[in-house]
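Enquirer: Okay, handing you the structure first.
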Amino acid sequence: MPQIPLLDLRRGFSEIEEEVLKGFKEVFQSMKILNGPNLQAFEKEWAEYLGVKHAIGYSCGTSALLASLLALGIGKGDEVLLQANGFIADFEAVYFSGAEPVFLEVDPKTFGPDLNDLRKKITPRTKALLLIHMYGHPCEMDDILEICDKYGIILIEDASHAHGAEYRSKKVGTFGKVGCFSCGPVKNLNAVGDAGVVVTNDDELAFKLKYFRVHGQVEKNHSHFPGLNTRLDELQAVILRARLKTLDQKNEKRREIARYYTEKLSEIPGLLLPPLDPPHKKSVYHRYVIGTSKREELIKFLKERGIGTGYYYPIPLHQHRAYFETFGKSWNLPQAERLARELVAIPIYPELTQDEIDYIVDSIKAFFNA
Ligand SMILES: *Cc1c(COP(=O)(O)O)cnc(C)c1O
């Protein structure tokens, strides 16, 4: 029986192994471990790739998000809108900023925020929208930019699922005041440890973000504003530079697999499938999620056939125990809750073989035919 884990990081590494080991060797010879040439080069290359002025490496996506909110002056008394289907790191950034989270219903056609719900939840205290391009699908940026513009809402993008995704030929993460990316091991652009990066066209914000990650020390040993230690190290930068060279090619492979899955699985009645791209969007399928009320049975069936699956995410943001007492009550978010109950991710990495892809499709069909 084939064994197809949800993600297999061993595959694909051999392609960059030589380059990475050479890069590591140079780092160890120079021992420039922090703020070295690879960090600076990665920041330049990532900014160029996205078509944005500044990229600033961060220790992880979570710290990138928190730093962004703080650098924008978001805090006590402010409300921040965010999709209830996001990752917990998005909520944490709002929580630790001191602002109040306002959870948004989800549009199951895009996995982005439901725009009617979004419009209804704007108040005079709404300071920012934290927008998440879930699973690599670009949100409806024309509408979102119009709303943000009309009400003076700061747009912060979390593009941690969406490295290289495009909306009207512009890369996601570059629409907002600031764009945050996790480059952790499981992401489309992935280090071999924690890593992240923020991007912006705003010089002043870039300055703050550059120094927030080193304790706000614009001068050595002198903090000009509050900060933390949240740097991206040189070894992870070596890997990210190597990976970036094939990001587009790998994303294209993911898109091919996604199209194939959708074509084959659309024969199954009642199965929720991710959207196929309209002409103005380019998704990068960080995850391929399908939705069914028989999720647990499907997961068990696939496991018995050697196929790994995953939950993204099984508990909507407003229902986590840690925050429930303070923020979790009285939300009416039936779509977000349904998606949390029904969605399951199936393997979609660029290194899957056609035989494996067919085996996955046949197994899912077999489950629903039984
Ligand atoms: C992974 C992820 C994060 C957090 O990034 P880390 O690098 O793990 O801290 C934030 N948002 C989303 C959508 C993510 O998938």
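Enquirer: First select every other residue whose beta carbon is under 15 angstrom from the beta carbon of E92; then total the charges, Lys and Arg +1, Asp and Glu -1. Don't jump to the answer; show the numbers that get you there.
Expert: Numbers: positive: R321; negative: D90, E100, D158, D194.
Net of charged neighbours comes to -3.
Enquirer: Now for a different question. How big is the C-alpha Rg of region 151-268 next to the rule-of-thumb value 2.2 N^0.38 Å, as a ratio?
Expert: 1.31
Enquirer: Quick one: order T123, T246 by neighbouring beta-carbon count within 10 Å, fewest to most.
Expert: Fewest to most other Cβ atoms nearby, the residues stand as T123, T246.
Enquirer: Taking the convex hull of the Cα atoms, report for region 1-155 its projected area averaged over all directions, in nm².
Expert: It is 12.9 nm².
Enquirer: Let me ask something else. Within the set of other residues whose C-beta is less than 13 Å from the C-beta of Q217, count the net charge using Lys and Arg as +1 and Asp and Glu as -1.
Expert: Combined, the nearby Lys, Arg, Asp and Glu give +4.
Enquirer: Shifting gears a bit: Straight-line reach from K170: which lysines fall under 22 Å, measuring Cα to Cα and dropping same-chain residues less than 8 apart?
Expert: K44, K53, K109, K150, K187, K245, K250, K253, K281, K282
Enquirer: Could you compute the net charge surrounding V106? Neighbours are other residues with a C-beta less than 14 Å from the C-beta of V106; K and R count +1, D and E count -1.
Expert: Here the charged neighbours net out to -4.
Enquirer: Based only on other Cβ atoms within 10 Å, what is the fewest-to-most ordering of D194, D202, D355?
Expert: Lowest count first: D355, D202, D194.
Enquirer: Tell me the Kirkwood hydrodynamic radius of region 247-369 in angstroms, computed as one over the mean inverse distance between distinct C-alpha pairs.
Expert: About 15.8 Å, per the Kirkwood formula over Cα pairs.
Enquirer: To continue, here is another question. Report, in whole Å, the centroid distance computed from the Cα atoms of region 160-220 and region 312-370.
Expert: The distance from the Cα centre of region 160-220 to that of region 312-370 comes to 26 Å.
Enquirer: So how do 163-170, 275-282, 54-61 stack up, highest first, on mean other-Cβ count within 10 Å?
Expert: Going from most to least packed, we get 54-61, 163-170, 275-282.
Enquirer: Sticking with this structure for a sec: Bin width 20 Å, origin at 0, all Cα-Cα pairs of the chain: what percent of pairs per bin?
Expert: 29, 57, 13, 0
Enquirer: Further question on the same structure: Over region 111-219, what is the relative contact order in percent, taking alpha-carbon pairs closer than 8 angstrom and at least six residues apart?
Expert: Values: 170 pairs, mean separation 19.7, N = 109.
Contact order relative to length: 18 percent.
Enquirer: Moving to a separate point now. Roughly what % antiparallel, to the nearest 5, for the DSSP beta bridges in region 13-244?
Expert: In region 13-244, DSSP labels about 45 percent of beta bridges as antiparallel.
Enquirer: Hey, what did the chain get for relative contact order, percent, Cα under 8 Å, at least 6 apart?
Expert: 22
Computed from the coordinates by the stated procedures, all read-outs in this text should not be read as laboratory data. Quick caveat, the model's predicted, so the values are computed rather than measured. Cβ: placed from backbone, ideal geometry, glycine included. Neighbour counts: every protein chain shown.
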